[in-house]
1. Using 1/(1 + (r/R0)^6) with R0 = 35 angstrom and r between the beta carbons of residue 271 and residue 44, what's the FRET efficiency to the nearest 0.05?
2. Looking at the chain, do any whole DSSP H helices span at least 18 angstrom along their long axis by alpha carbon and average 1.0 or above on Kyte-Doolittle, and which?
3. Based solely on C-alpha atoms, express the radius of gyration and the Dmax of segment 1-155 in angstrom.
4. Helix-only estimate, please: 222 nm mean residue ellipticity of the chain, summing -39500 (n - 2.57) across DSSP H runs of length 4 or more and dividing by its residues, to the nearest 500.
5. Let me check the size of the chain from its C-alpha atoms; what are the radius of gyration and Dmax in Å?
6. Over segment 99-144, one equal point on each Cα, no solvent: what is log10 I(q)/I(0) by the Debye formula at q = 0.18 Å⁻¹?
7. Extension gain residue 230-residue 251, at 0.36 nm per residue separation less the Cα-Cα distance, in nm?
8. Compute the whole-percent fraction of alpha carbon pairs in segment 68-127 spaced more than 14 Å apart.
Amino acid sequence: MDQRNRPFRSVLYIPASKERALDKARSLPVDAIIFDLEDAVAVEEKANARGILAEALAAKGYGARMRIVRINGLESDWGRADAQAARDMGCDAVLLPKVESAAQVQALAEIVGEIPIWAMMETPRGMLNAAEIAAYPRMAGFVMGTNDLAKELQTRFRPDRQPLMAGLGLCLLAAKAEGLVIVDGVYNAFKDDEGLRAECAQGRDMGFDGKTLIHPAQVEIANAAFAPTQDEIDLARRQIAAFEEAESSGKGVAVVDGRIVENLHVATAREILAKADAITAISG
Ligand SMILES: CC(C)(COP(=O)(O)OP(=O)(O)OC[C@H]1O[C@@H](n2cnc3c(N)ncnc32)[C@H](O)[C@@H]1OP(=O)(O)O)[C@@H](O)C(=O)NCCC(=O)NCCSC(=O)C[C@H](O)C(=O)O
Ligand SMILES: [Mg+2]
């Protein structure tokens, strides 16, 4: 499926070493999966995890869910072997952690060939170089690594995420400028539904396409938060109809619910309807 026609509401990390979780994901209503060879896999399990993941992907069963493999950094003991293995696994994208420059992405591109590349954005230098990383021709998506970013910035956790806002904003600007997908960081307290709901709402308001998740219990909340609501769908339809009627009488502006509707609002309305259709398609 073309990435532009996919929803990315829920993007679930699965440690590649956990066979039970790899199997469970085949039945979870997630839009994308990040099969993790990096931080979720213990050092002594790294090589084994690669084999387990290759077998799980060969066995198929992930349906329309986008399959993204997160490798270890290329400078690590495992990164190059991970990249070579990912190239042959039948995944939809390879995710490089702690990206700080376009040159690092180029080094990965030389190993994985035509497979689309995604970048973990999670260091101060990565934030500062977000524009050049996003502009790399093979770059397809950004994933915010808010745990690593908080560590590097030495911030304290705040529910409003104020200390992370500069970095999140820089990455959003860079991703949107290049038409990339961008998904928000994880919410660590996976039993705190209210906290997750609030952080998803904030991420949706900021313009993220979805949220990365660490536990199946988080999926439903993210799917709801990043999908257009029925009110948004109804409004989009009414805006398009009103604008088309205005245009047919030679006007460039319509009014719906006391607000103006111009070309740009119609473009947004069409995007909302396209996203709703994409969600219906993947759910079916
Ligand atoms: C957080 C967990 C360690 C909790 O695991 P566990 O105690 O086993 O949870 P449950 O008993 O509640 O699990 C219930 C069932 O769900 C399956 N499960 C659990 N997690 C997942 C998952 N992520 N994907 C698929 N399935 C999952 C269990 O197998 C149980 O199944 P069953 O027995 O059949 O009922 C655990 O959830 C976990 O390991 N989560 C992933 C952690 C992870 O990937 N971390 C790394 C990514 S976060 C990160 O690095 C972000 C970034 O880089 C940054 O810097 O911010
Ligand atoms: Mg990280």
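1. Values: r = 46 Å, r/R0 = 1.32.
Efficiency for this residue pair is about 0.15.
2. On the way: long enough: 46-59 (20 Å, 0.51); 165-178 (20 Å, 1.33); 193-206 (20 Å, -1.11); 230-248 (27 Å, -0.79); 263-283 (30 Å, 0.56).
Taking the DSSP H segments of the chain (at least 18 Å long, mean hydropathy at least 1.0), we get 165-178.
3. Using the Cα atoms of segment 1-155, the pair Rg, Dmax is 14.7, 42 Å.
4. Values: 12 runs with 133 residues, N = 284.
That calculation yields -14000 deg cm²/dmol at 222 nm.
5. In order Rg, Dmax, the Cα atoms of the chain give 19.8, 70 Å.
6. Each listed q maps to, in turn, -0.44.
7. Working: separation 21, 0.36 × 21 = 7.56 nm, distance 2.82 nm.
Gain on stretching residue 230 to residue 251: 4.7 nm.
8. 47
Readers should treat all values here as calculations from the given coordinates under stated rules, not as data from a laboratory. What you see is a predicted model, and the numbers here were worked out from it, not measured in a lab. Neighbour counts are summed over all protein chains in view; Cβ atoms, including those assigned to glycine, are modelled from backbone coordinates with ideal geometry.
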